[in-house]
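Each remark here refers to the structure printed beneath this line.
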Amino acid sequence: MESNPPLLELSGIEREFALGETRIHALRGIDLRIERGQFVAIWGPSGSGKSTLLNLLGLIDAPDRGVLRFDGQDVHGLSDDALSDCRNRKIGFVFQSFNLIPVMTALENVGLPLQVQGVKPAEVRRRATEWLQHVGLGQFLHFRPDRLSGGQRQRVAIARALVGQPRLLIADEPTANLDSQTSQEVIDLIEKLNQETGVTCIFTTHDPRLLARVPRQLRLQDGLISQDSYTDHAQEAA
């Protein structure tokens with residue numbers, strides 16, 4: 001085993017679904033290596049397998065065939081409890097619909113993952129407050145989601161995803177419900193947090209305009225990686 005293995009390593013990953021009597025081949029043999037600290041976008045047409053791949057990377061789903069290693073460990077055969085513990089402690093999730101709890105304040109929403117981990121209330125409040133300040137929402141601690149804009153709600157969701165100091169941030173279409181300017185601000189924020197904390201970030205998008213902000217882009221087509229490219233931002237900005 002490598003002394004410093006990649007955070008994610010996939011070999012020959014396949015995933016199928018039944019649609020009536022038809023078998024849908026969502027992923028057709030994915031080989032992929034994602035190093036620690038990378039900032040990666042997964043894009044491609046609808047039905048290309050983006051969400052299926054993201055669910056596998058986030059350990060929400062399991063492949064039918066192939067090997068998936070997370071943090072150097074083959075996850076095949078892990079119990080549901082072990083997978084759940086890995087997700088809770090090592091992976092943060094951001095969704096396009098925010099998935100905030102309406103009756104909770106921003107502070108309570110962000111602190112929820114820490115409560116699940118059994119962190120003491122005073123520490124939950126301290127860390128949740130720090131993360132809301134970190135994403136620019138220090139003055140909105142006690143606001144409920146219905147008093148926040150879409151961009152502010154997504155910032156709360158990002159703070160909630162990162163408050164537990166995960167190794168991986170998974171974001172499924174995090175800008176789908178936002179206008180263009182707010183979308184750019186959210187991606188800029190995720191990029192900034194990636195650089196500051198070293199958390200590995202992977203997100204899906206339908207918007208090619210956002211790809212210019214992402215160092216590595218994976219294009220999926222018909223369940224296969226059709227393109228794996230890197231962008232040199234410094235060169236582009238010159």
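Values in this text are rule-based calculations from the coordinates and carry no lab data. Because the structure is a prediction, the values reported are computed rather than measured. Positions of Cβ are generated from backbone atoms using ideal geometry, with glycine treated the same way; all protein chains shown enter the neighbour counts.
Data table
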{"item": "At 1.306 mPa s and 10 °C, Stokes D of the range 164-238 from Kirkwood alpha-carbon radius, µm² per second", "result": "118"}
{"item": "Cα coordinate range in the range 1-83, projected on the principal axes (Å, largest first)", "result": "45, 30, 21"}
{"item": "Amide H contacts under 5 Å for G92, placed H, 5+ residues apart", "result": "L168, L169, I170"}
{"item": "Rounded to 5, the percent of DSSP beta bridges in the chain classed as antiparallel", "result": "55"}
{"item": "Highest-fluctuation residue, D81, D71, D179 considered, GNM on the chain with Cα pairs under 10 Å", "result": "D81"}
{"item": "Karplus-derived 3J(HN,Hα), 6.51/-1.76/1.60, for each residue of the range 147-160, Hz, glycine and proline x", "result": "9, 10, 6, x, x, 5, 4, 5, 5, 4, 5, 5, 4, 4"}
{"item": "Principal semi-axes in Å for the chain [√(5λ), Cα gyration tensor, largest first]", "result": "29, 22, 18"}
{"item": "Overall Cα dimensions of the range 111-238, principal axis frame, Å, largest first", "result": "47, 33, 28"}
{"item": "L27 long-range amide H proximity, modeled H, under 5 Å", "result": "R15"}
{"item": "Kirkwood Rh in Å, taken over the range 69-141 so that all alpha-carbon pairs contribute", "result": "14.0"}
{"item": "Potential lengthening between S51 and R28 on full extension [0.36 nm per residue; Cα-Cα distance subtracted]", "result": "6.9 nm"}
{"item": "Cα→Cβ-extended label distance, 7 Å offset, between Q115 and D85, nm", "result": "2.3"}
{"item": "Relative contact order (%) - criterion: Cα under 8 Å, at least six apart; region: the chain", "result": "27"}
{"item": "GNM top mover of S97, S48, S226 - the chain, alpha-carbon springs below 10 Å", "result": "S226"}
{"item": "For Q38, distant residues with modelled amide H under 5 Å away", "result": "C201"}
{"item": "Where N is the number of residues in the range 1-140, Cα Rg divided by 2.2 N^0.38 Å", "result": "1.25"}
{"item": "Cα-only Debye scattering, the range 125-198: base-10 log of I(q)/I(0) at q = 0.21, 0.22 Å⁻¹", "result": "-0.96, -1.05"}
